[in-house]
1. Go through (1) modelled with pLDDT of 85 or more; (2) out of contact with any His (no Cβ under 8 Å at 6 or more places or on another chain) for Val107 and report which single condition fails.
2. Only one of Gln76, Gln62, Gln69, Gln44 is at pLDDT 90 or above and surrounded by 11 or more Cβ atoms within 10 Å (Cβ to Cβ); which?
3. Does Tyr49 satisfy the criteria of being aromatic (Phe, Trp, Tyr) and modelled with pLDDT of 95 or more?
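The values are calculated or read from the model by the stated rules, or taken from the named source; none is laboratory data. Given the structure is predicted, the values throughout are model-derived calculations rather than measurements. Glycine also receives a Cβ, built like all others from the backbone with ideal geometry; neighbour counts cover every protein chain displayed.
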Amino acid sequence: MPSHVVVCLQSAVAPPSGDGKPTVGGEATDPVSRLEVEIRSQEQLIAGYQAENERLYHEIKQSDTLHKQTYEKLYQQNLKTASENAQLRCVFVTDSEVEMFNQLELVLQFFKIIHLD
């Protein structure tokens, strides 16, 4: 549990300070004083929860920003890789066609040699 929430909880459990109101065992005896103590306690808890919510909100925003940056990098890298892949396929097909053409030339030359003999 975050330290500021623990402090808020501890202050909510602590006996009220000496404000001149009658207390029994650390608790106010009249209903108005008890309500005032309870209101202060609830306000401290709310302030602690609000601070925690704000911290988490900023953490989520940072995480979203990081996620968007990572997504964009991966998207750009994917486009680059796809482009390189397409280029390599063209080179491979071209090399394969050249190799096939060279083999056909050799076969034709062989037939020419055989035909001349």
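1. (1)
2. Of the residues listed, the single one that is at pLDDT 90 or above and surrounded by 11 or more Cβ atoms within 10 Å (Cβ to Cβ) is Gln44.
3. Considered against the rule, which asks whether it is aromatic (Phe, Trp, Tyr) and modelled with pLDDT of 95 or more, Tyr49 comes out as yes.
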